[in-house]
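Working notes for the structure below.
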Amino acid sequence: MKTYLPNETKAERKARKALTKQSFSYSQPVLETPKKSLQTTDKVYVICLKWGNKYGPEYVHKLANMVQRHLTVNYEFICFTDDTKGLNPKIKTFKLPVLPVSGWWYKPWFLSDELPIKGTALFFDLDLVIFSNIDKLFTYKPESKFVIIRDFNRHVRKNWDRMNSSVFRLEIGSQTKAYQEFRNNITLISKRFHGDQDFMYKYITKFDFWPDEWIQSYKWEMRGRNELGIVNGKRNFKTIGVPVVQQQTSVAVFHGDPNPADCTDQWVVDNWR
């Protein structure tokens, strides 16, 4: 039986079909074992970064579960981290390298050819909600070596062309020139630029943006900036609300505050699990 996704082109459907389907669960407390041994030639990767204690292991578990529910291609989920404590042992992990950086400044390392995996990888930040099929994030412009979000300031500046690195896809090893620039000037760059995505924007010379509708800012585009305020000493939504969800949107990004764990909107509670 053929599967058709809304507004999917013939080329994108062909690319999706080329990736064989696998279904396995990361739900706690027991995780299923993948049904077959995967081959690097037909497998893609979903990767994430957990550094320090800002996000607990539950963020990794929930991300793995959301990916499992909404991705049908043959993939492997991997967490790159400095601390595996509390992570479900069924989730594959790799140790981060020792670099004189912290937090998001580890993201440029994913541009290197030092990763212990090869092929196509889709990176997700931990503070987001995946709520519908994301196969298209692999099949969109399969010839592109780097695809990333157009920064969410687009909601006030329509021609805004900067990057947001909450979600990006890359061919591993295709951006080594940018990484070497970072590695050779790591202290200067991490002080000069506000964040990793500003560095990427300057040094990755060839890239594509996802369609804006696919990945949205929860607080700016789905709920609205005017709904934010200080609640119990933290930035949050002043009232419980319902987001505006476009037909093509699959991922809601929680950049800044609130995080998904702090948001009491029922839509978030239902989907961030």
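A short reminder: the numbers here are calculations on the coordinates, not readings from a lab. Worth saying up front: this structure is predicted, and the values here are computed from it rather than measured. In this analysis, Cβ positions are derived from the backbone assuming ideal geometry, glycine residues included, and neighbour counts consider all displayed protein chains.
Computed quantities for the displayed model
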quantity	calculated
Exceeding the 19 Å Cα-Cα cut-off - candidates Lys43/Lys206; Lys141/Lys219; Lys54/Lys136; Lys54/Lys95; Lys54/Lys145; Lys107/Lys234	Lys43/Lys206; Lys141/Lys219; Lys54/Lys136; Lys54/Lys145; Lys107/Lys234
Using a Förster distance of 25 Å, the FRET efficiency for Asn226-Ser144 (Cβ separation, nearest 0.05)	0.10
Gain upon complete extension [Lys92, Arg273; 0.36 nm per residue less C-alpha separation]	63.2 nm
Order by protection proxy (mean Cβ within 10 Å, highest first), peptides 157-165, 230-238, 208-216	208-216, 157-165, 230-238
For Phe123, net neighbour charge (Lys/Arg +1, Asp/Glu -1) across residues whose Cβ lies under 12 Å away	0
Cβ-based exposure ranking for Phe124, Phe131, in which fewest neighbours within 10 Å come first	Phe131, Phe124
Neighbour-count order for Lys90, Lys191, fewest beta carbons within 10 angstrom listed first	Lys191, Lys90
Förster radius 51 Å - calculated FRET efficiency between Leu99 and Glu213 (Cβ-Cβ, nearest 0.05)	0.90
Separation between Cα centres of segment 56-107 and segment 227-265, rounded to whole Å	23
